[in-house]
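Have a look at the structure below, then the notes.
The values are calculated or read from the model by the stated rules, or taken from the named source; none is laboratory data. As the structure is a prediction and not an experimental result, all values here were calculated from the model. When we count neighbours, we look across all protein chains shown, and the Cβ atoms used for this are built from the backbone with ideal geometry, even at glycine.
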Amino acid sequence: MTSAQGPAPADGALSADPPPSGPGSSPATAEAARAGRRERGLAVLGCLLGAGLVLVCGAATWVSARVGAPHAESDGVAVAAPLATHWTGSALAPAATALALVGLAAAVAIVAARGIGRTIVGLLAVVAGIGVVYAALRVGLDPTPVLRRTDSVRQLSIGGSAEITGLHRSVAPWLAVFGGLLLTVAGALAAVRGRRWPAMSGRYQTRDARPVDAWDAIERGHDPT
């Protein structure tokens with residue numbers, strides 16, 4: 001007695017369970033997280049480089065000139081020779097140095113903040129970067145009005161405007177402008193894309209060692225541990 005048997009299934013027809021795919025293991029989710037971390041790193045790096053460049057330029061000489069006391073052709077009074085004077089960026093554009101410190105703080109806050117807080121930090125970095133560009137451009141394009149407001153020139157301006165000759169500008173103001181642009185771009189990146197970036201890892205966040213009611217237990221003489 002023979003029993004009829006159907007054809008054996010082919011190897012290709014064998015059913016196989018699909019690989020598990022959860023939200024945490026989704027390739028698209030993992031790639032989005034990696035992209036967010038890359039963008040966050042670029043924003044932090046841009047803030048650090050931009051602000052650091054402005055601070056370094058602030059200690060450098062921006063303008064050199066010879067400053068002399070005012071005198072008329074017919075006064076017949078001997079006048080001292082003009083003094084060679086050098087001005088640093090922190091003396092001519094102190095606002096740029098202060099705003100660069102804001103950029104350094106923004107680099108830290110971008111990592112620590114999340115959501116709308118990161119957007120606000122990015123906007124602050126943009127404002128700081130624009131302020132740096134404006135302050136540095138004022139000196140880079142025409143430093144004379146800024147020089148006349150410095151103490152070294154005002155001290156020689158008694159009886160008229162001091163004479164400023166031999167004006168020489170260094171490249172430092174333009175490097176500060178570049179640093180301000182870097183800070184602006186990094187802040188804009190954080191403001192536009194920051195809400196999509198992953199938050200700081202939990203191991204870097206502080207945790208309360210005791211519940212809130214531990215103080216009540218201590219006051220009652222009990223050991224909360």
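Just a yes or no: is a residue in region 173-193 at pLDDT below 95, hydrophobic (A, V, I, L, M, F, W, C) and not in a helix (DSSP H, G or I)?
Within region 173-193 (the criterion being at pLDDT below 95, hydrophobic (A, V, I, L, M, F, W, C) and not in a helix (DSSP H, G or I)), the answer is no, since none of the residues qualifies.
Any chance region 86-95 includes a residue that's within 14 Å of Leu183 (Cα to Cα), of a type in the set (Gly, Ala, Ser) and surrounded by 21 or more Cβ atoms within 10 Å (Cβ to Cβ)? Step through it out loud before you land on a result.
To start, the set of residues in region 86-95 that are within 14 Å of Leu183 (Cα to Cα) comprises none.
Scanning region 86-95 turns up no residue that is within 14 Å of Leu183 (Cα to Cα), of a type in the set (Gly, Ala, Ser) and surrounded by 21 or more Cβ atoms within 10 Å (Cβ to Cβ).
(1) touching a strand residue (DSSP E or B) at 6+ places or on another chain (Cβ under 9 Å); (2) modelled with pLDDT under 90: which one isn't true of Ala209, the others all being true?
Every listed condition holds for Ala209 apart from (1).
What single numbered condition from (1) surrounded by 15 or more Cβ atoms within 10 Å (Cβ to Cβ); (2) modelled with pLDDT under 95 fails to hold for Leu99?
Of (1) surrounded by 15 or more Cβ atoms within 10 Å (Cβ to Cβ); (2) modelled with pLDDT under 95, only one is false for Leu99: (2).
Restricting the search to region 141-157, which residues are part of a helix (DSSP H, G or I), in contact with a strand residue (DSSP E or B) (Cβ under 7 Å, 6 or more places away or on another chain) and touching a residue at least 40 places away in the same chain (Cβ under 8 Å)? Can you show your working first?
From region 141-157, those part of a helix (DSSP H, G or I) are 141, 144-147, 151-154; that's our starting set.
Right, trim to in contact with a strand residue (DSSP E or B) (Cβ under 7 Å, 6 or more places away or on another chain) and you get 144, 147, 152-153.
Across region 141-157, the qualifying residues are Leu147, Ser152, Val153.
When you scan region 16-34, do you find a residue that is surrounded by 10 or more Cβ atoms within 10 Å (Cβ to Cβ), assigned to a helix (DSSP H, G or I) and at pLDDT 85 or above, even just one?
Scanning region 16-34 turns up no residue that is surrounded by 10 or more Cβ atoms within 10 Å (Cβ to Cβ), assigned to a helix (DSSP H, G or I) and at pLDDT 85 or above.
Can you tell me how many residues in region 82-117 are farther than 15 Å from Leu45 by Cα and in a helix (DSSP H, G or I)? Spell out the reasoning first.
Quick first cut of region 82-117, residues farther than 15 Å from Leu45 by Cα only: 82-99, 113-117.
Filter again for in a helix (DSSP H, G or I), leaving 89-92, 94-99, 116-117.
Residues flagged as farther than 15 Å from Leu45 by Cα and in a helix (DSSP H, G or I) within region 82-117 amount to 12.
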